[in-house]
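Structure first, then comments.
None of the figures in this text is laboratory data; all of them are computed from the coordinates on show. All values derive from a computational prediction rather than experimental measurement. Counting neighbours? That spans all protein chains shown, and the Cβs are built from the backbone with ideal geometry, glycine included.
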Amino acid sequence: MNISVIGTGYVGLTLSALLAKVGHKVHCIDVIEDKIKTIKEGKSYFYELGLDNLVKYGIDSRNLTPTLNYEEGVKDADIIFLSVGTPSGADGGWDLTYIYDAVENAAKFMKDGVIFVQRSTVPVGTGKRAIEIIKKTNPKANFTYLSSPEFLREGSAVLDSIIQDRIVMGGDNEEKKKILFKIFEEIEKMAPQITEETPEIHEYASTYISNGGSKEGAFKDKCISTCLESAELIKVCSNTFLATKITFANNIARVCDRVGANINEVMDGVGMDRRIGRSFLYAGLGFGGGCFPKDVKGLIKSTEDLGVDAQLFKRVYELNESQVDYVVDCIKQMGVLGGSQVGVLGLSFKPGTSDVRVSPAGRLCKALSHEGFAVLATDPRAIEESKKDFPEDKNLKYVDTVEDVFKNSEIVVLATEWPEYKELDYERLSKLMKSKNFYDARNFLEKEKMNKIFKFDNLGA
Ligand code: UGA
């Protein structure tokens, strides 16, 4: 089929590359020249496990055509996927400018019978408004509009997009929905081949499913057909519910700190209840990234606009905002005085990505710097990005090696749980420090082992 994907972020580029891999003729459209230029060179402009290989295949096979031009990208498309960003607006709600601009631009050139599929996270009611825009822009248009939200996570975007937990299809045309389900099923069927061909994915795939990755199972059991509004709400609710689980664990971690309980033990026990589940109950620096903070805020705004009580979501947001300050207090309680040098391991908002949007680790660096500590921070992938989002200042400097983080530091803090930080030779690194203090803000390292080397503390234990 001829398929157009508007927006080349984590959702759009991953989907484009997979559709091309399955054999569709795909145009991916973006308005940013540098992004399109990089994709044309056969690579992704952001780091995502296994994506470069797929993009390269798409370009080499000529199944994937990146373009800045809407007319070229849309005119032959049987299906148009919309996957542009929906950042936070000034009022806390989602800014839908990119969505409505993309819908209007696509509507000008779309062919008869096209299916529009919304993949971005949008507030309920966006679909209705988009349909009005298409009708106004192209009054004779014959089209179907479906909402099929994407649930991929950064760091495992490719695997999440190949084997999805569920495929939600909102709208009122059951025949067209079947076409879409079939397309996603084709992608899932390619799973063994894609993982086999991409060594880094193959390596990760074996541990992935047991780590809360998407379930395998009968494809039809994962397909859900709903009305437009329900589909829109399912995505926003999923993100807010997961954010609530994290905040719950972070709050209980504070209780554990007071009473000497251990947050991991508590959540292991709580999570064994199958009705609750263990995932997203890992206490840490709070949730960050381009999705949860924005989506919780968005749900607060749209709930309040409807005249419905949004206190629950508000409290989740506020408590999350306070988590970095709580960790700064824990660090101070270890006896580290203002003005001391603090080393920070990790800057991305979670491991496996170079994304630092609303990164709790970046916020921690800034908070420590603000408190007068001299901060030296590093990350395996996200230093350049951090320099933009969390600029260096008189107290905050980024360094390339973990040795530089430890050298002469009074304390080192683990802020992002990159797997490689589990393998470090802490015995050797500790000898570079001024004082051997270590705070694990992600409860990631083996306490017993670390206790032998450092004056060690971690969150909620
Ligand atoms: C999230 C959702 O998990 C995806 O399903 C969704 O598609 C995506 O948002 C989106 O809306 O596009 P993502 O932002 O990539 O995915 O990251 P997550 O893995 O969900 O982590 C979000 C934040 O929560 C990170 O800062 C992470 O460190 C934190 N987290 C996660 C915890 O602090 N504890 C946990 O137990 C889990």
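Just a few scattered comments:
- Förster radius 51 Å - calculated FRET efficiency between residue 403 and residue 97, Cβ distance, rounded to 0.05: 0.65
- Other-chain or far-sequence residues with amide H under 5 Å of residue 396's (modelled H): 375
- Residue-averaged 222 nm ellipticity for the chain, from DSSP H runs of 4+ at -39500 (n - 2.57), nearest 500: -14000 deg cm²/dmol
- Sequence-separation-based contact order of segment 2-226, relative, with Cα cut under 8 Å and 6+ spacing, percent: 19 percent
- Selection from 376, 405, 330 lying farthest towards where the dipole of segment 227-461 points positive, charges on Cβ: 330
- For segment 109-119, 3J(HN,Hα) per residue [Karplus equation, 6.51 cos²θ - 1.76 cosθ + 1.60, θ = phi - 60°, Hz, x = Gly/Pro]: 10, 5, 8, 4, x, 5, 10, 8, 10, 7, 10
- Inter-probe distance in nm under a simple model that places probes 7 Å from Cα toward Cβ, at residue 200 and residue 2: 3.4 nm
- Both radii come from the Cα set of the chain: Rg as radius of gyration, Rh as Kirkwood radius; their ratio Rg/Rh reads 0.99.
- Separation of alpha-carbon centers, segment 66-125 and segment 346-410, rounded to whole Å: 35 Å
- Theoretical FRET efficiency, 1/(1+(r/R0)^6), r = Cβ-Cβ of residue 329 and residue 447, R0 22 Å, to 0.05: 0.65
- The angle separating the long axis of helix 311-321 from the principal Cα axis of greatest extent in the chain is about 50 degrees.
- Distances between placed amide hydrogens fall under 5 Å for residue 440 paired with 414, 457, 458, 459, all partners being 5 or more residues away or on another chain.
- Along segment 159-174 the Karplus relation, 6.51 cos²θ - 1.76 cosθ + 1.60 evaluated at θ = phi - 60°, assigns HN-Hα couplings of 4, 4, 7, 7, 10, 8, 5, 8, 10, 8, 10, x, x, 10, 10, 5 Hz to successive residues, with x for each Gly and Pro.
- Once the Cα-Cα distance is subtracted from the 0.36 nm per residue extended length, the residue 230 to residue 76 segment shows a gain of 52.4 nm.
- Per-residue extension of 0.36 nm, minus the Cα-Cα distance of residue 278 and residue 392, leaves a gain of 37.3 nm for this segment.
- Principal-axis tilt of helix 323-333 within the chain, Cα atoms, nearest 10 degrees: 10 degrees
- Antiparallel beta bridges, as assigned by DSSP with both residues in segment 2-226, represent about 5 percent of the total such bridges.
- Lysines whose Cα lies under 29 Å from that of residue 136, excluding same-chain neighbours fewer than 8 positions away: 25, 75, 108, 111, 128, 176, 177, 178, 235, 301
- Amide N of segment 432-461 lying under 15 Å from the label point, which is placed 7 angstrom from the Cα of residue 268 along Cα→Cβ: 443-449, 461
- Relative contact order (percent, whole number), the chain, Cα cutoff 8 Å, 6+ residue spacing: 12 percent
- Helix 126-137 and the longest principal axis of the Cα set of the chain meet at an angle near 40°.
- Antiparallel beta bridges, as assigned by DSSP with both residues in the chain, represent about 5 percent of the total such bridges.
- Here segment 29-51 and segment 300-324 have alpha carbon centers that stand 35 Å from each other.
- Excluding same-chain neighbours fewer than eight residues apart, the lysines reachable from residue 388 by a Cα-Cα span under 23 Å are 35, 37, 43, 294, 350, 366, 397.
- Dimensionless Rg over Rh [segment 240-393; C-alpha; Kirkwood]: 0.99
- Extent along principal axes [Cα atoms of segment 2-226; Å; largest to smallest]: 50, 38, 37
- Amide H within-cut-off set for residue 224, under 5 Å, with H built and near neighbours excluded: 167, 168, 169
- Taken as Cα centroids, segment 430-461 and segment 150-166 sit 33 Å apart, rounded to the nearest whole angstrom.
- Principal axis analysis of the Cα atoms in segment 403-461 yields extents of 26, 21, 17 Å, listed in decreasing size.
- Available extension along the chain between residue 428 and residue 62 is 126.7 nm, counting 0.36 nm per residue and deducting the alpha carbon span.
- Ordering 364, 339, 435 by Cα displacement along the dipole of segment 227-461 toward the positive end leaves 435 in first place; charges were set at the Cβ atoms of Lys, Arg (+1) and Asp, Glu (-1).
- Under 19 Å of direct C-alpha separation, and excluding same-chain neighbours fewer than eight residues apart, residue 431 reaches these lysines: 407, 422, 447, 449, 452, 455.
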